[in-house]
C-alpha cells in the first residue's frame, strides 16, 4: 500500500485544483491520524513498561472514566465552556478596543503599553486569590482571568495591524475625500483582519487554561478543575487523565471555532472568485450564468 | 489663465527642510489634454502631484481647478499610483466602486457602471474575482477603472505602468489612450520614461532636481492615433533628443 502511494506521481498541489475527498483527507484525515498515533504511543508505553494504573492509565480507562461519569461531568464541562466563551468574548472585545484606541492616540499607546506588559508579567495564579476576595466564587473571577489572558495577544496584533496599513492606500482614500470613519471601517479594519485573527487564535488556545486556573482558585465545590483535583487525591488517575482530555477537547474545539470564523470572515485568503451574493436584486444587466 | 484651462498652479512651491522639493511653479493645463511630466527621481514631480491632489499643503501659491481655489483640499481629482492599491478583500467589481464606498453608499447604478466599464475594457470575466487572481497588467487596469468611475475630470497618474514589463506596458499605453479618447478626461501623467511621455502626450513638461523645477514645456506635434510606428517617427526622435539633452545636460 505505502509503496504504491510513494510511486504515484504527486500532484503539483494547489489547494484549488484538489478534489474534495483529497482536501478532506489532508485537512481532517492527517490530524485524526496524528491523534490516533499519539494514543497508540500512550498505549504502547503503558503496556510495554507495565505501568500501574494509578501511575498512568491506559487510554481506554481514561475514556471510560469520562463516559461512565458523564452525567456528573457534563454540567461541569458546560460550566468550563461558559467561562471560556464569556471570558474570550470579553477579552477579545477589550483587546480590539484597546488596540484601536492605542493605534489612534499615540500618547495613550505610550501611557498604556507598559501597563499591558506588566499585566502579563503578573503570574496569573497569584492574581486569582485577590480576585476571589473582590468578586467571590461566582463565574465572574474565571471570566476575568480568561479575559486577562485573551486580551493581550489581541491588543498587540490589532495595534500592529492598524499601524501597518499601507499609507499610500490611506492617502488614496484621502484623495477621494473619504471621511476618516469611513476609511477606518472600509480600509483599516479589513486590512487588520489577518493579524486580528492571529491574536484571537493565540487567545483561544490559552482561554481554557485561564478558565481552569480560575476554577482551581475560585471554585466553591463544583467545577471540572476541582473534580480533577478530587480524583487526584483519591488516586483515581484514570479520571485525572479523562478530565485532562476533556479540557483539551474544549480548548481545541474553541480554537477550531475561531479558525472557522476566520475562514468565513476572510474568504479572499483562500478563494480566487467570490461567492455569489444574495443581497443583490439589481443584476438586470448581469450576463447569463455560464 | 486661458479660457480652456482646467487646472492652474500659481507660484506653488514646497521645501522639505533644506531641500527645495519644488520651486515656486506656475502652469496651466488645458481641458481635455494629455500632459506628461518627465524627470528623474527627486525632481519634485510627485510633490507637485500631491499638492494638486490636496495631500500636501504647498508653502505658498495657489492651486485652481475650474478657476476655483482648491489648495490643500481633497476629493477633486482622480489619482493613481504605480502601486495598484487594490484591496485584497474586495472583488474586482467592488474595488472599482471603492471611491463611492468611501464617500457614501454604493447604489445599483454604481455597480452597474462598474460592470459596464469592466466589460468594455476586457475584464468582464473577472468581476467577481479577488485581485490576487489577476496579473499585474490587469490589476493596473482595474485600478484605472476605479479612478475613472470617480467621474473626476482631471486624472493624476503617477507612473502607473512603472512596474510592468515592456510588452504589457506598451499594451497598457495604447489601452490608456483609447480610454482617454472615449472618456474625454484631462490627464496629468508622471513618468521617468522619456519614450512613454512622448508616446502618450500632447505636451511634455520636463523637470529637473535640486531644486525641483520645470525646465521645459514642449508641445508634442505627433499625430493621433499613436501606433507602434509613432515610436520611430522622425519627429518622435527629435523630441526625444531634445528631452534627453535637457535631462542629461548634453552628455549622451
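Readers should treat all values here as calculations from the given coordinates under stated rules, not as data from a laboratory. Because the structure is a prediction, the values reported are computed rather than measured. Backbone-built Cβ (ideal geometry, glycine too); neighbour counts: all protein chains shown.
With the cut-off at 19 Å, report for segment A:131-262 the share of all Cα pairs above it, as a whole percent.
Details: 5394 of 8646 pairs.
Here the long-distance tail beyond 19 Å is 62 percent of all Cα pairs in segment A:131-262.
How would you rank A:191-197, B:66-72, B:115-121, highest first, on the average number of other Cβ atoms within 10 Å across their residues?
Working: A:191-197: 20.6, B:66-72: 13.4, B:115-121: 17.1.
Going by the mean number of other Cβ atoms within 10 Å, highest first, we get A:191-197, B:115-121, B:66-72.
Under a point spin-label approximation (7 Å from Cα along Cα-to-Cβ), what is the residue B:184-residue A:43 distance to one decimal in nm?
Placing both labels 7 Å along Cα→Cβ, they lie 8.1 nm apart.
Using Cα atoms only, what is the angle between the long axis of helix A:106-121 and the major principal axis of chain A, expressed in degrees (0 to 90) to the nearest 10?
With both axes taken from Cα atoms, the answer is about 10 degrees.
Could you pull out which residues in segment B:1-35 have an amide N less than 16 Å from a spot 7 Å beyond the Cα of residue B:210, following the Cα-Cβ vector?
B:16, B:18-23
Please find the FRET efficiency linking residue A:125 to residue A:275, where r is the Cβ-Cβ separation and R0 is fixed at 56 Å, and quote it to the nearest 0.05.
Values: r = 46 Å, r/R0 = 0.83.
The pair residue A:125/residue A:275 has a calculated efficiency of 0.75.
In whole angstrom, and with the biggest value first, how far do the Cα coordinates of segment B:1-150 range along each principal axis?
Between the extreme Cα coordinates on each principal axis of segment B:1-150 lie 47, 33, 26 Å.
Extension gain residue A:261-residue A:117, at 0.36 nm per residue separation less the Cα-Cα distance, in nm?
Working: separation 144, 0.36 × 144 = 51.84 nm, distance 2.79 nm.
Taking residue A:261 through residue A:117 to full extension adds about 49.1 nm, to one decimal.
Considering Cα pairs under 8 angstrom that are at least six residues apart, work out the relative contact order of chain B and quote it in whole percent. Intermediate values should be presented prior to the final figure.
Values: 477 pairs, mean separation 64.4, N = 252.
Result for chain B is 26 percent.
Relative to the longest principal axis of chain A, what angle (0 to 90°, nearest 10) does the C-alpha long axis of helix A:140-163 take?
Orientation of helix A:140-163: about 30 degrees from the principal axis.
Please state the Cα pair-distance histogram of the protein assembly as shown with 10 angstrom bins from zero: what percent is in each bin?
Pair shares across the bins are 3, 14, 19, 18, 15, 12, 9, 6, 3, 0.
Tell me, what is the FRET efficiency for residue A:135 and residue B:105 to the nearest 0.05, using R0 = 60 angstrom and their Cβ-Cβ distance as r?
0.85
Fewest Cβ neighbours within 10 Å first, please rank A:160, B:94 accordingly. Kindly include the intermediate steps, with their values, before the conclusion.
Details: A:160 16, B:94 21.
The order, fewest Cβ neighbours first, is A:160, B:94.
Rounded to the nearest 500 deg cm²/dmol, what is the calculated helix-only ellipticity per residue at 222 nm for chain B, with -39500 (n - 2.57) per DSSP H run of length n ≥ 4?
Details: 8 runs with 86 residues, N = 252.
So the calculated ellipticity at 222 nm is -10500 deg cm²/dmol.
For chain A, what is the calculated [θ] at 222 nm in deg cm²/dmol (nearest 500), taking -39500 (n - 2.57) for each run of four or more DSSP H residues and dividing by its residue count? Let's see the in-between values first.
Values: 13 runs with 203 residues, N = 290.
Counting only the DSSP helices, I get -23000 deg cm²/dmol.
In whole Å, largest first, what are the principal axis extents of the Cα atoms in segment B:161-217?
36, 27, 14
Using 1/(1 + (r/R0)^6) with R0 = 35 angstrom and r between the beta carbons of residue B:28 and residue A:181, what's the FRET efficiency to the nearest 0.05?
About 0.45, to the nearest 0.05.
Report the far tail of the P(r) of chain B, meaning the percent of Cα-Cα pairs longer than 27 Å.
Working: 11839 of 31626 pairs.
Of all Cα-Cα distances in chain B, 37 percent exceed 27 Å.
If chain A were replaced by its equivalent ellipsoid, with semi-axes equal to the square roots of 5 times the Cα gyration tensor eigenvalues, what would those be, largest first, whole Å? Present the calculation step by step, with values, prior to reporting the outcome.
Numbers: eigenvalues 329, 207, 56 Å².
Working through the eigenvalues yields semi-axes of 41, 32, 17 Å.
Using only alpha carbon pairs under 8 Å that are at least six residues apart, calculate the relative contact order of chain A and give it in whole percent. Working shown, then result.
On the way: 269 pairs, mean separation 69.3, N = 290.
Reported relative contact order: 24 percent.
Quick one: divide the alpha-carbon radius of gyration of segment B:87-151 by 2.2 N^0.38 Å and tell me what you get. Don't skip to the answer; put the middle values down first.
Numbers: Rg = 10.5 Å, N = 65, 2.2 N^0.38 = 10.7 Å.
Normalised Cα radius of gyration, segment B:87-151: 0.98.
Would you mind giving the three semi-axes, in whole Å and largest first, of the ellipsoid equivalent to segment A:15-110 according to its Cα gyration tensor?
On the way: eigenvalues 321, 132, 51 Å².
After diagonalising the Cα gyration tensor, the semi-axes are 40, 26, 16 Å.
Mind checking the angle between helix B:166-183 and chain B's longest principal axis? C-alpha axes, 0 to 90 degrees, to the nearest 10.
That helix lies at roughly 80 degrees to the long axis.
Give me A:54, A:48, A:113 sorted ascending by neighbouring Cβ count inside 10 Å, so fewest comes first.
Values: A:54 12, A:48 8, A:113 15.
Starting with the residue having the fewest Cβ neighbours, the order is A:48, A:54, A:113.
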